[in-house]
Amino acid sequence: MKLCIMGTGYVGLVTGTCFANLGNEVVCVSGDENKINLLKQGKVPIYEPDLDELIEKNVKENRLFFDTDSEKSIQKSEIIFICKGTPSQPNGQVNLKYVEDAAIEIGRAINDYKIVVNKSTVPIGSGDWVSMIINDEQVKLNKKVPFDVVSCPEFLREGSAIYDVFFTDRIVIGSSSKNAIETMKKLYEPIINQTFETDLNPRPKTKVPLVVTDLTSAEMIKYAANSFLATKISFINEIASICEKVGADVTKVADGIGLDKRIGREFLNAGLGWGGSCFPKDLSAISQIAAEYGLSTQIINAVVQANKQQRSNIIKKAQELLKILKGKTIGVLGISFKPDTDDTRYAPAITIINNLIKLGARVKVYDPIVKDRPEDLSEKSIFCKDSYEVAENSHLLILATEWDEFIKLDFEKIKGSMSNSLIIDGRNVLDKEVLTNMGFTYIGIGR
Ligand code: UGA
């Protein structure tokens, strides 16, 4: 099929590349000429494992194209995916400007029947709103070309995006048009039936379930899924705090409850709390949507509050260990909000580093991929070339992001160069017993 992907961020690039790899002809469109030129030269503006190779392969095989001309790209495509950014505004509401611009472009360019797919996470009702904008633009140009709008939310995680697209747990298609649903099913058929060839591992052997529903329910599924996942994390973090007091190990508690199929082990890893561009934005948006109907989201509000608390808990732990933070050197390993991504939006590490600096500590940082100082990271933080430089003369080391290379560090060497042998494992990924035997004071989260 011929597809046009509007937006070249995480979702746009990954969706476009994966569909191209399944044999479709895909053009990814952005108004950002520099970005499109870079992509044409094979330079990928985001860090996502395996994405650059897959882009290169599909560009070479003439299935994946990049363009700034949205009109031409829309006109030659059967399905248009809106994959535009939907950032939060300061009041928590979603900024829909980019989605609106895309809908306007579609309305102006549309020349024959199109299926317009909302992949961006958009507030409930946005499907109808996109239809309205496309119609309004058509009226201005005296045309009435038919189209259908579909909500097909994305469930990929940064860091494992390609795997998540090909081996998703489910596909959700929401529309009132039978024709659009049938076409979408056809597009997703290789994923649903798992008939495509791949060397991605591990390959689940099961077919992918499909949920066909109305537009609004599909939009709600996305918000409910992210809210529930964030709830699981905040819940286990709260249990972790109790574990610390009573002397239990939250990792074992998570194993013990996670084996119950009704609960499930995933997203029960206690740590510094959730960050990234999705959970914070989506939980805030769902609260705003509820407020429009006079409802208050008490569970979601508590989940958000508990997540903020989790970041302060680390500062308390540092204060308990070091007593005075002023004049102390603290090393922080990891800046990105999770491993295998360069995304630092709402990253726990940034809040923690900034607060430690406010309290008078000198903070040294290192991240395997984040090399440029994010805008919201204190100017006073000191970037180091590697973890060993971070550890040198530090009074305390905090592991903030569970990058694989941190787990494999030479901790004997680290211990030898630190001023104190204190370590806070903010993600519970280090071997407590080994580190304790080495002479470290090891503080995890809830263990
Ligand atoms: C999340 C969802 O997992 C995806 O399904 C969804 O498509 C995406 O949002 C989105 O809406 O676009 P993402 O934010 O990329 O994906 O990353 P996650 O793997 O969900 O991690 C989110 C945060 O939760 C990270 O800060 C991570 O460290 C934290 N987390 C995750 C925990 O603290 N504990 C866990 O057990 C799992």
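If you check every pair at least six apart or on different chains, which have Cβ atoms under 6 Å apart with a residue in region 25-52 that is more than 20 Å from LYS84 (Cβ to Cβ) first and a residue that is open to solvent by 10 Å² or more (accessible area, probe 1.4 Å) and assigned to a loop (DSSP other than H, G, I, E, B) second?
From region 25-52, the pairs are GLU25/ARG63; TYR47/ASP342; TYR47/ILE369; PRO49/ASP340; ASP52/VAL44.
Can you name every one of the strands (runs of 3 or more DSSP E) wholly within region 4-97 that holds 3 or more residues which are surrounded by 14 or more Cβ atoms within 10 Å (Cβ to Cβ) and away from the ligand (no atom under 16 Å from the Cβ)? Spell out the reasoning first.
Working: elements: 25-29, 64-67, 79-82.
Correct list: 25-29, 64-67.
Residue under question is LEU215, and the condition is that it be out of contact with any Pro (no Cβ under 7 Å at 6 or more places or on another chain) and away from the ligand (no atom under 15 Å from the Cβ); does it hold?
Criteria met by LEU215.
Tally time: how many residues in region 335-369 are part of a loop (DSSP other than H, G, I, E, B), buried (at least 24 other Cβ atoms within 10 Å of the Cβ) and among the β-branched types (Val, Ile, Thr)?
Result for region 335-369: 3.
Scan region 394-404 residue by residue and report those that are loosely packed, with under 13 Cβ neighbours inside 10 Å and more than 16 Å from the ligand (Cβ to nearest atom).
Across region 394-404, there are no qualifying residues.
Given the structure, is GLU292 acidic (Asp, Glu) and at pLDDT 95 or above?
Against the criterion (acidic (Asp, Glu) and at pLDDT 95 or above), GLU292 does not qualify.
Which of the residues spanning region 253-270 are touching a residue at least 60 places away in the same chain (Cβ under 8 Å) and open to solvent by 60 Å² or more (accessible area, probe 1.4 Å)?
ASN269
Are any of the residues in region 409-417 touching a residue at least 60 places away in the same chain (Cβ under 8 Å), out of contact with any Cys (no Cβ under 9 Å at 6 or more places or on another chain) and not β-branched (Val, Ile, Thr)?
The answer is no, given that none of the residues of region 409-417 is touching a residue at least 60 places away in the same chain (Cβ under 8 Å), out of contact with any Cys (no Cβ under 9 Å at 6 or more places or on another chain) and not β-branched (Val, Ile, Thr).
Residues in region 239-250: is at least one open to solvent by 20 Å² or more (accessible area, probe 1.4 Å), out of contact with any Cys (no Cβ under 9 Å at 6 or more places or on another chain), within 12 Å of the ligand (Cβ to nearest atom) and not aliphatic (A, V, I, L, M)?
No - not one qualifying residue is present in region 239-250.
Here is a list: LYS326, LYS317, LYS358. Which entry is over 20 Å from the mean Cα position of the chain (by Cα) and under 22 Å from TYR442 (Cβ atoms)?
On the way: LYS326 fails: under 22 Å from TYR442 (Cβ atoms); LYS358 fails: under 22 Å from TYR442 (Cβ atoms).
Going through LYS326, LYS317, LYS358 in turn, just one is over 20 Å from the mean Cα position of the chain (by Cα) and under 22 Å from TYR442 (Cβ atoms): LYS317.
Kindly provide the set of residues from region 276-327 that are assigned to a loop (DSSP other than H, G, I, E, B) and either away from the ligand (no atom under 13 Å from the Cβ) or open to solvent by 60 Å² or more (accessible area, probe 1.4 Å) (or both), ordered by number.
Those that are assigned to a loop (DSSP other than H, G, I, E, B) and either away from the ligand (no atom under 13 Å from the Cβ) or open to solvent by 60 Å² or more (accessible area, probe 1.4 Å) (or both): TYR293, GLY294, LEU295, SER296, THR297, LYS323, ILE324, LEU325, LYS326, GLY327.
The values are calculated or read from the model by the stated rules, or taken from the named source; none is laboratory data. Given the structure is predicted, the values throughout are model-derived calculations rather than measurements. Using ideal geometry, Cβ is built from the backbone for each residue, glycine included, and neighbour counts are taken over all protein chains shown. When the accessible area is computed, the model is the full protein with side chains, heavy atoms only, and any ligands, DNA or RNA have been set aside. Shrake-Rupley method; radii C 1.70, N 1.55, O 1.52, S 1.80 Å.
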